[in-house]
Amino acid sequence: MGKQLKLTDIGNGKFKGAKSSSKKQLIKKLQAEIEYHQHLYYNSQPEISDAEFDKLWDQLKELDPTNEVFSKVGLDSDVSLEKITHIIPMNSQDKVTSPQEFSKWAKKRNYPKFLVQFKLDGISIELQYFKGKFKYGVTRGDGKIGDNITSNVMQMKGFIKNIDSNFTGAIRGEIILPRDVFNENYALENKNPRNTASGITKRKDGQGSDDLEIIVYDAINLNPTFSFKNESHKLEWMASQDFKMVDTREFTTTQELVKYRDELMTDLRDHLNYEIDGLVIKGERIDLEDMKRVRPMKQIAFKFDPEEIETTVIDVEWSESGAIYTPIAIVNPVEIAGTTVQRASLANPDLITSLGLKIGSNVIISKRGDIIPKIERVIANPAGVKSVQIPEFCSSCNTKLINEGTKLYCPNEQCSKKDYFRLLKWIRILNIKDFGDLILKQLFESGKVRKIVDFYDLQPQDLIKLDRVQEKSAKKALDNLYAVREVSLARFVGGFNLENMGVRQVKKVVDAGFDTLEKLKDAQISDFAQVEGFGEVTGEMLYNGIQSLYPDMKAVLDTGKIAIRGAKRGIAKLDGLTFCFTGKLETMKRNEAEDLVSLNGGSSRSNVTGALNYLVTNSTEPTAKYTKAKSLGVKIITEEEFLEMINPK
């Protein structure tokens, strides 16, 4: 009996060698493979890359253009969640992957101009409103019926509860997890932002939903007395309602549009804080009937070129960031999306094992907007490959490293590498400009700065003595350091680089009532474990970090050169009040103003609603927020008036 062919073998190219495979059999197997991988993708468990899936799709389309799989929508449904019917079907885009295919589509449409939007790589969401009031947040599901995730949606950034009362219908968008949030809070145990976002949206307790963001791109109105003139009118109206909008451009020629796509592929998308995998292109005319098609004909997804290529691993280096050791594959140079790639991330020791990666392995690497590309899979291990050597001892203090699979690290709290990374974290958390690695590394190696408190003894001559540091640069760096006189408790503690404890995590604990350094010091593991999003493990990490570093924290405060904002406050002067800040502030940054609100018992909002107490702005320009606040009767005050509420003259 011959070897049984697995569904995934087709995606890996193994089907080509199967005996007596007729066209009919190939179509059947390709269809099964596509349906299998669609299900995995929509449920955040993909086994193959987007590029591999696209190859299967294109192969089937060539063999059987009318196959039923092209008239189905992938299913992302969770059986445990309530089901809600979409306003109109929420279908998938047809796609093209080359300029030639796009030009062929564009020629048929003959649009005088193209509206071009980012194709966000997130989770599709429909926000349903009745007479301007939010009712439901619904996932794509099967395109007709989706999962009710309303309670989670209401915690997400970009959510708007009340809009124009004339509107009844749906606002459509994508739920995304910003790259910086993913890297800070989720990257250690999750593969990518999209899969992580998908998991968070379905959580029954809603944990992590406030890390997600909704970006909208379309509106479907059912009120006959309220209509949109065209697609541009929709976008203008949604922006006026304070939704966070997808980036949209206009082009009149296919040549300009293709050039823009190339620029995005090769450079621009690397600088975005979220993932995109192509462009969505449409004309100005609204066509609801076309939108009801399983794959609308009058708009199309112009996907980016597959960012994958084959190469060979020639070595593995171990990058050291504080106490953490991260493997980096050194590969034979290859071109991906216009850049030469010689290094690829391996994330952690577990990935090396699960991939079966060796020195000499033939591998597929991908670049998905990340600075360092990733190893996707091993194709083959030819004769002569060598095992990857995992470090056993810290290169700095010689302590035996702990290998937890997902993390390889030095457990020595007194390790000098950990000390250096803590100093670097402090500079970054406080956003101190002109105090880069050139200065910090020399100060550390000379012994002049070993702890955070040492920063506050520095004089200009200490920096002028360093290599390649001029008097002007030294003064600028120290001026910026000493300009930060106050910082929120969450940023202060987060700046000490406690293990697995970013500023957002610390802020959750502060918001739970541990709002002074002394309260944090006196709390027990069990106290921290009760905080939403925490447990025994994270509670113990925070407890150990505070106990170990409290003397250093106290020493910094004792210099008198920096203080925890609001540490000496008495009553909560803004108790129960809500504030929204817009425009430029004169005396502080927006995040500092929001910290000030929180420290005085109030809360901040990103949008203007009828429930808002104050809009704080120094401008009288009729911006969307200013105009909306006026119409809703929300009190508008200046920055000076806001500060006077906290410290009356």
Q: Could you pull out the pairs from 374/418; 133/244; 161/282 whose alpha carbons sit more than 23 Å apart here?
A: 374/418; 161/282
Q.
Tell me the relative contact order for the chain as a rounded percent, counting alpha carbon contacts under 8 Å between residues six or more apart.
A. 9
Q | Spin-label model distance (nm) - residue 54 vs residue 461, 7 Å beyond Cα toward Cβ | A | 6.2
Q | From phi via Karplus (6.51, -1.76, 1.60), per-residue ³J(HN,Hα) for segment 86-100 in Hz, x at Gly/Pro | A | 5, 4, 9, x, 9, 9, 9, 7, 6, 9, 10, 10, 9, x, 5
Q) With a ≥ b ≥ c the root eigenvalues of the C-alpha gyration tensor of segment 395-496, is it rounded (a/c under 1.5), prolate (a/b larger than b/c) or oblate? A) oblate
Q: Could you tell me which of rounded, prolate or oblate describes segment 493-649, using a ≥ b ≥ c as the square roots of the eigenvalues of the alpha-carbon gyration tensor, with rounded for a/c under 1.5 and, failing that, prolate when a/b is larger than b/c and oblate otherwise?
A: prolate
**Q.** Cut-off under 5 Å, modelled amide H: who pairs with residue 605 long-range
**A.** 579, 580, 581
Q) Around residue 377, which amide H atoms from residues at least 5 apart in sequence, or from another chain, sit under 5 Å from its own amide H, with H modelled in the peptide plane? A) 364
Q: Return the long-range amide H neighbours of residue 486 (sequence gap of 5 or more, or a different chain), with a cut-off of under 5 Å between placed amide H atoms.
A: 563
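For a footprinting-style exposure proxy, rank 516, 559 by other Cβ within 10 Å, fewest first.
559, 516
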Q: Please work out how much length the chain gains when fully extended from residue 184 to residue 133, using 0.36 nm per residue of separation minus the C-alpha to C-alpha distance, in nm with one decimal.
A: 14.9 nm
Q | Per-residue Cβ neighbour rank within 10 angstrom, fewest leading, 478, 268 | A | 268, 478
Q. Sorted from fewest to most neighbouring beta carbons within 10 Å, what does the list 210, 575, 479 look like?
A. 575, 479, 210
(Q) Shape verdict for the chain, please, from the Cα gyration tensor: rounded (a/c under 1.5), prolate (a/b greater than b/c) or oblate. (A) oblate
Q | Karplus-derived HN-Hα couplings along segment 376-386 (A = 6.51, B = -1.76, C = 1.60, θ = phi - 60°), whole Hz, x at Gly and Pro | A | 8, 6, 9, 7, 7, 10, x, 4, x, 5, 10
Q | Rough spin-label spacing in nm, given labels placed 7 Å along Cα→Cβ, for residue 63 and residue 103 | A | 3.0
Q.
Given points 7 Å out from each Cα along the Cα-Cβ axis, report the residue 482 to residue 144 separation in nanometres with one decimal.
A. 7.2
Q) Using r as the Cβ-Cβ distance of residue 613 and residue 232, and R0 as 22 Å, what FRET efficiency do you calculate, to the nearest 0.05? A) 0.05
Q.
I need the phi-derived Karplus couplings for segment 503-509: 6.51 cos²θ - 1.76 cosθ + 1.60, θ = phi - 60°, integer Hz, Gly and Pro marked x.
A. 4, 4, 5, 4, 4, 4, 6
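Quick note: the coordinates plus some simple rules give every number you see, no bench work behind them. Quick caveat: nothing in here was measured; it's all calculated off a predicted structure. Don't worry about glycine lacking a Cβ; one is built from the backbone with ideal geometry, like all the others, and counts go over all protein chains shown.
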